[in-house]
Amino acid sequence: MKLNTNLMIALLIFGIFNLSAQDILKWPESINKLKASLCLVEYFQPQFEMGEIKDKSRIKRTITGILVNEEGLVVTSDVIYPANLDIVEANNFYVSTQPLPENITVSFVRDKKLKAEFLGKDEDLRLAFIKITEEADLPPPVEFIEENDLSMGDPLLVIQHLNGRFDFEKFITAHHINAIIEKPKKKLLTTNNINPLSPGGLVTNWKGQPVGIVFRGENYYIQYDYDAPYSNETLMQIIPADQFISLLENPPVLLAHSEGSGKSWLGIQMQILTKEMASYWNLDDTSGIIINKVSPGSPGEKAGLQQGDILISIGDLKFHGYDKKNLDILRAYVRNQPEGKIQAVLLRHHKPLTLAITLENAPKSRFLAEEYSDQLLGLGVKELTQDYIISNDLDFNTNGVWVSRVEDGGAGSLAGIEVNDLILQINGKIVKNLVDFKQITAAIPKSKDIYVEVFLNRQGKTRFVFIKTLPNEDL
Amino acid sequence: MRFIIFLLMFIFVLQTASASDNLQRKILEAKNKVFPALVHVEPVKEVFEDGKRVKVQVTGSGIIFSAEGLVLTNNHVAEKARFVFCTLSNRDEVRAEVIGLDALTDLAVLKLDLSEKDYHTVPYARFGDSDSLEVGEIVMALGSPLGLSRSMSLGVISSIDRYFEDVGEMVSPYNLWIQTDAAINPGNSGGPLIDINGDVVGINARAIFFGENLGFAIPINTAKLVIDRILRDKVVKRSEIGIEWQEIKDYRKYKKKPHLTGVLIAHIEKNSPAERAGLQPGDLVYAIDDEKVDAVYQEELPKIRKHISEIPVGSNVTFYFHRDGKDKKTTLVTDQRGKFEGNEFECDNWGISVKEITPRVVENLKLKDAKGVLVSGVRIGSPADEAEVFRGYVLKSVDGKKVTDLDQFKDIYQMVKTLPEKGRMLELNYKDALIFALLRGE
C-alpha cells in the first residue's frame with residue numbers, strides 16, 4: 001500500500017512534469033508563419049562628424065523589421081533615425097544633426113534584398129516606418145490583435161534576429177510578463193538576458209497571436225564600431241498592440257524639413273502639486289499640476305496660462321492623487337490630442353478659472369532645422385529653432401543663424417568660430433535667417449585672403465570674428 | 001705651441017669658473033636678502049560644500065613687505081579664511097589677520113600678529129620695478145611648493161606680456177603676466193618671484209597642469225597699487241562701464257586700414273553706463289577723455305581696462321569713437337564695479353547654503369535682477385533635498401515674504417528657521433521658471 005502511494009505520487013509528478021514539458025517545448029504552429037514576416041532591415045547611417053561640414057563616412061547597420069501590410073509597410077525601431085523631432089523631447093544638445101538613413105534594403109529571405117524608403121517615426125513609441133519600394137512577392141503581413149486582458153505571469157513569445165556573429169538567424173524566446181506599467185502608457189516588462197540584434201522584435205501571446213512589439217528603451221547605445229545597435233537593458237519593455245495599431249493604418253510621414261513630430265504641445269514647465277503643498281495652501285482634496293513656466297509664443301501663453309497657476313483638468317483629463325506620474329499622464333494626453341480648442345480648468349490665486357487653449361503642433365527640433373554649409377568659410381549653420389533659443393536663454397524673438405559645424409582647419413575654425421555661436425551679422429549686414437545667410441555669403445568673392453567680418457553672440461556676449469578666406473582649389 | 005694652447009684653455013676655464021662663482025654669489029646674496037621675509041601661509045578656510053559649512057586648511061606662501069609685518073599673498077590663498085597661521089623663516093609661528101582682498105588681481109594683504117613675540121619688527125623684502133624687466137633675466141621663485149616650505153627654484157623670465165582671457169574664477173582683467181621657467185607648483189602661490197638683486201618683481205600665482213616649467217607671476221607694479229588701495233580703503237574700488245573690448249589686429253585688415261588706431265567695442269552689457277550713453281558693439285574708440293587708447297593686440301587690452309577702472313567712481317568720462325565712418329563722442333558716468341565673490345551662509349535647519357547675488361552671478365545665470373539669494377548647495381537627505389531644491393536656484397520668497405539680499409535673508413531665516421509640521425513654502429527661480437518647494441518639519 002505504502003509502495004503504491006509512492007508510486008502514484010511518482011507517476012503523478014512525472015505526469016505533471018511531462019505535461020508542462022510538452023507545453024513549453026511545443027510552440028504554436030503560427031510562430032513559423034510569423035517568422036517569415038520578420039525581415040532584416042539594412043541601411044547606411046551617415047556619420048555626423050564634428051570637424052567636417054559634410055558627413056563623409058557612413059556606417060552599415062542591420063536591424064529587425066516586421067511586415068505589417070500588403071503594400072510593403074515595415075515597422076521597425078527608430079534607431080534607424082534616432083533624432084528628436086520636436087522640442088519637448090529634445091535633450092541632446094551636443095549632436096544636432098542626424099541625416100536620414102541611406103540605401104535601405106529589406107530581406108525576408110537571405111540574398112533577396114528589396115529596396116525600401118524611410119517614411120517617418122513616432123517620437124513617443126520610438127517606432128519607425130519604412131516602405132518597400134520594389135515589386136516582389138511578399139510574405140503575409142503580421143496582423144496584430146489588441147489583447148487587453150494580458151496580465152502578470154502570462155507567457156509571451158518573442159521573435160527577434162540574432163546578430164551578425166550568428167548570421168542574423170531568427171530566434172525565439174519564451175517569457176512571462178513580470179510586471180505591467182499602466183501609466184502614462186501601458187507597457188509590459190519581462191526579463192531580458194540576451195542581447196538580440198535589435199529591439200524591434202515581435203511579441204506574441206501563448207497562442208502565437210501577435211500582441212506587441214519590443215520597445216527601444218533609453219539605455220540604447222548606437223555604437224559606431226559595430227554593425228548593430230546595442231542594448232544592455234536587462235528588462236525588456238513591450239508596447240502592446242493597442243498603442244500602435246492605428247499607426248499601422250496611418251503611419252507618420254516625415255517630410256523634408258517637416259514641422260516636427262506632429263504631436264501637440266502646451267508649452268509649459270510644470271511640477272506636481274504635492275499633498276503637503278495642497279494642505280499648506282488649504283486646497284485639501286485638490287489634485288493638480290503647478291505651472292512653473294509658460295514658454296513665450298506657446299499655445300499656453302496665447303491662452304493666458306500663467307506661472308504659478310494650478311492646472312486642475314484639461315479636456316476630459318482630470319488628475320487623481322498626488323503622484324508625479326500625473327506629469328507624464330498630462331504630457332502624454334496633450335501630445336496625443338489633435339490640434340484645436342481644449343478647455344482647461346485651473347486655480348489662480350486660489351480662485352477657479354476656465355480657459356480655452358488652442359493646441360498646436362510642438363515646434364520642430366534643431367535636428368529638423370535646415371542646415372547649410374558654406375565651404376569658403378568652413379562653417380555649417382542652421383536656422384534658429386525654439387529649442388536652441390530656450391537652451392541658450394535667448395529672447396523669444398531672437399534672429400540669426402547658429403553654427404552647427406566648424407570644419408577643422410577651415411577658415412572659420414582658424415578665425416576662432418565655435419560650434420553653437422549665434423551669427424547676428426556678416427560684413428555689417430544683419431543675418432535674420434538662413435535665407436539672409438545664403439544671400440550674404442554668396443556675395444563674398446570666392447578667392448583667398450578676403451577678410452569677412454562676423455558679428456556673433458557666444459554664451460550671451462557679442463564679439464567680432466574676422467575670417468580670412470583660405471586658398472582652395474575646389475572653390 | 002702645445003703649452004700655449006694649454007695655457008689659454010686654463011685661463012678660459014678659470015674665467016668661466018670665476019663667472020659662475022660670481023653668479024653663484026649673486027644668487028646667494030639675492031636669496032639671503034629675501035629669505036628672512038618669506039612666510040609659509042596656512043589659512044583655515046570656511047567653505048561651503050553640498051549645503052554644509054566646512055573647514056579646510058590650505059597652504060600658500062607670502063612675502064613680508066613692511067617692518068611691522070604686512071604680508072603680500074594671493075587672494076586665492078587668503079580668501080574665506082577663518083584663521084591664518086603663518087610660519088616665518090625663523091620658524092616662529094604667528095597668526096595673521098586679513099587686511100584686504102582683491103580677487104580681480106588675485107592679491108591679498110595680511111598683517112602678522114607680533115604681539116606674542118618679543119620683537120615688534122620683522123625683516124622685509126624690497127619691491128623692484130616689474131616694468132623694466134626683460135625676457136631672459138634670471139629670477140628665483142621662493143615659497144612652499146606642495147607645502148615644502150622655504151624652497152627656492154631658479155629660472156629666467158620667459159615672457160613679460162603673457163595675456164590670459166578670463167575663465168570662470170581665473171580672472172586677470174587688469175594685468176598681464178610674467179612667465180618664468182623657475183619651477184612653480186601649488187603652494188608657491190603668493191610667494192615672491194625675485195630678480196638677481198633680491199628685489200621682488202612678481203607674486204607667483206599660477207602654473208599650468210601638464211605643462212613643464214610654465215609658471216606665472218603677477219607683476220609687482222600691479223601689486224603696489226593694490227596694496228596702496230587696500231591699506232587706504234580695505235578694498236580696491238574700481239570704475240566700470242560695461243564694455244567688453246576687442247583688439248583691432250584683424251579689424252585693420254578687414255577695413256584695409258593698416259594704420260588704424262583705437263580699440264573695438266565687442267559687447268555692451270545691459271543696463272550699463274555704456275548702454276545708457278548709446279555706445280554700440282562695432283564702435284571704434286580712439287580716445288577716452290584726452291587720453292588716446294589703442295589695442296592692436298590682445299595683450300594691450302588690460303591697460304585699457306585698468307585705465308578705466310582707475311577713474312574715480314561716478315566721474316564723467318568722454319569717449320571719442322568712429323561709427324560708420326563718422327567721428328562721434330559721448331559722455332557717461334562710471335559705475336562702481338560690483339563684488340566679485342559673494343558671501344555665503346549656511347541654513348543648517350533647512351539643509352542649504354545660500355550666496356549673495358553679485359553682478360557676476362547675474363551675468364552668468366542671466367538673471368533679470370539681483371534680488372534674492374542663490375542656493376549654492378543642498379545637503380543630501382535634508383528637508384530642502386526632500387523638497388527638491390537644487391543648487392543654482394534663486395530663492396525669492398519664504399512663506400510669501402520676499403527675499404531681497406543676503407543680509408535681509410539672514411534676518412528672515414533667524415525668524416523662520418524652524419520648520420513647522422505644515423511646512424515652509426519657498427518660491428524659487430530657475431532660469432525663467434517659478435518653482436515651489438515645501439520644506440517640512442518632522
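Please compute the per residue accessible area over segment B:233-339 with all protein chains in place, 1.4 Å probe, rounded to a whole number of Å².
52
For every other residue with a beta carbon closer than 12 angstrom to the beta carbon of B:L260, add +1 if it is Lys or Arg and -1 if Asp or Glu, then tell me the sum.
That works out to +3.
Starting at the first residue of segment B:172-187, write each ³J(HN,Hα) from the Karplus equation 6.51 cos²θ - 1.76 cosθ + 1.60 with θ = phi - 60°, in whole Hz, x for Gly and Pro.
Whole-Hz 3J(HN,Hα) from phi for segment B:172-187: 7, x, 9, 9, 8, 10, 8, 9, 9, 9, 5, 4, 10, 10, x, x.
If you roll a 1.4 angstrom probe over the protein chains with everything in place, what fraction of the accessible area of the protein assembly as shown belongs to carbon and sulfur, to the nearest %?
Summing carbon and sulfur atoms, their accessible area is 51 percent of the total for the protein assembly as shown.
Each residue of segment B:23-34 in turn: what ³J(HN,Hα) in whole Hz from Karplus with 6.51, -1.76, 1.60 and θ = phi - 60°, glycine and Pro shown as x?
Running phi through 6.51 cos²θ - 1.76 cosθ + 1.60 with θ = phi - 60° gives 5, 4, 4, 5, 4, 5, 4, 4, 4, 4, 5, 9 Hz.
Bin all alpha-carbon pair distances of segment B:380-442 at 10 Å intervals from 0 and give each bin's fraction as a whole percent.
All Cα pairs considered, the percentages come to 22, 56, 21, 0.
How large is Rg/Rh for segment B:191-302, to two decimals, with Cα atoms and a Kirkwood Rh?
Rg/Rh: 1.07.
For the modelled label position 7 Å from the Cα of B:E212 along Cα-to-Cβ, which residues of segment B:145-182 have backbone nitrogen atoms closer than 15 Å?
B:181-182
Got a sec? Which residues in segment B:391-422 would a label at B:D50 touch, if it sits 7 Å along Cα→Cβ and we count backbone N under 14 Å?
B:391
Which FRET efficiency value, to the nearest 0.05, is calculated for B:V167 and A:E418 with the Förster distance at 22 angstrom and r the Cβ-Cβ distance?
0.95
Given labels modelled 7 Å from the Cα in the Cβ direction, how far is it in nm from B:E341 to B:N271?
Here the answer is 2.5 nm between the modelled labels.
Report D for segment A:414-475 in µm² per second (integer): Stokes-Einstein, Kirkwood Rh on Cα pairs, 20 °C, 1.002 mPa s.
174
Dividing the Cα radius of gyration by the Kirkwood radius, what Rg/Rh value follows for chain A?
On the way: Rg = 27.3 Å, Rh = 25.7 Å.
Result: Rg/Rh = 1.06.
Which value, in Å to one decimal place, does the Kirkwood hydrodynamic radius take for segment A:27-107 when every pair of different Cα atoms is included?
14.9
Over segment B:132-198, give the accessible area per residue in Å² for a 1.4 Å probe, as an integer.
39
Apply 1/(1 + (r/R0)^6) to the Cβ-Cβ distance of A:E134 and A:A174, taking R0 = 30 Å, and write down the FRET efficiency to the nearest 0.05.
Values: r = 35 Å, r/R0 = 1.17.
After rounding to 0.05, the efficiency reads 0.30.
Work out how much length A:V435 to A:D149 would gain on full extension: take 0.36 nm times their residue separation and subtract the Cα-Cα distance, in nm to one decimal.
On the way: separation 286, 0.36 × 286 = 102.96 nm, distance 5.48 nm.
Full-extension gain reported as 97.5 nm.
Against the longest alpha carbon principal axis of chain A, how many degrees, from 0 to 90 and to the nearest 10, is the axis of helix A:325-335 turned?
Taking Cα atoms only, the helix is inclined about 70 degrees.
Can you tell me the orientation of helix B:220-233 relative to chain B, as the angle in degrees between its alpha-carbon axis and the longest Cα principal axis, to the nearest 10?
It is inclined by approximately 40 degrees.
By its C-alpha gyration tensor, with a ≥ b ≥ c as the square roots of the eigenvalues, how is the protein assembly as shown shaped: rounded for a/c under 1.5, else prolate for a/b larger than b/c, else oblate? Walk me through the numbers before you get to the answer.
Values: a/c = 1.86, a/b = 1.75, b/c = 1.06.
Taking the square roots of the gyration eigenvalues as a ≥ b ≥ c, the protein assembly as shown is prolate.
Need one number: nm distance between label points at A:K302 and A:E370, each 7 Å from Cα along Cα→Cβ, rounded to one decimal.
My value for the distance between the label points is 2.3 nm.
Averaging the inverse of every distinct alpha carbon separation and then flipping it gives the Kirkwood radius. What is it for chain B, in angstrom units? Walk me through the numbers before you get to the answer.
Working: mean 1/r = 0.0402 Å⁻¹.
For chain B, inverting the mean 1/r across all distinct Cα pairs yields 24.9 Å.
Given R₀ = 51 Å, FRET efficiency for A:N427-A:L317 by Cβ-Cβ distance, to 0.05?
0.45
With a point put 7 Å past each Cα toward its Cβ, work out how far A:K468 is from B:S159 in nm, to one decimal.
The two pseudo-label positions are separated by 1.9 nm.
What are the lysines whose alpha-carbon lies under 21 Å from the alpha-carbon of A:K382, with same-chain residues fewer than 8 places away excluded?
Candidates past the 8-residue exclusion: A:K54, A:K56, A:K364, A:K429, A:K432, A:K438, A:K461.
Among A:I426, A:A174, B:G262, flag the residue with its Cα farthest along the positive direction of the charge dipole of the protein assembly as shown, charges on Cβ as +1 for Lys/Arg and -1 for Asp/Glu.
The residue sitting farthest along the positive end of the dipole is B:G262.
Kindly compute the accessible surface that chains A and B hide from a 1.4 Å probe when together, both sides summed, and give it to the nearest 100 Å².
So the buried area, both faces added, is about 2600 Å².
Roughly how many Å² is the accessible area per residue of chain A, as a whole number, for a 1.4 Å probe? Display every interim value, and only then the final one.
On the way: 22850 Å² over 475 residues.
Here the per-residue accessible area is 48 Å².
Residues of segment B:141-178 with amide nitrogen under 17 Å from the 7 Å Cα-to-Cβ point of B:K306?
The answer is B:159-166, B:171-178.
The values are calculated or read from the model by the stated rules, or taken from the named source; none is laboratory data. This is a predicted model, so every value here is computed, not measured. Cβ sites come from the backbone with ideal geometry, for glycine too, and all protein chains shown count toward neighbours. Heads up: the accessible areas ignore ligands, DNA and RNA and are worked out on the full protein's heavy atoms, side chains in. Shrake-Rupley method; radii C 1.70, N 1.55, O 1.52, S 1.80 Å.
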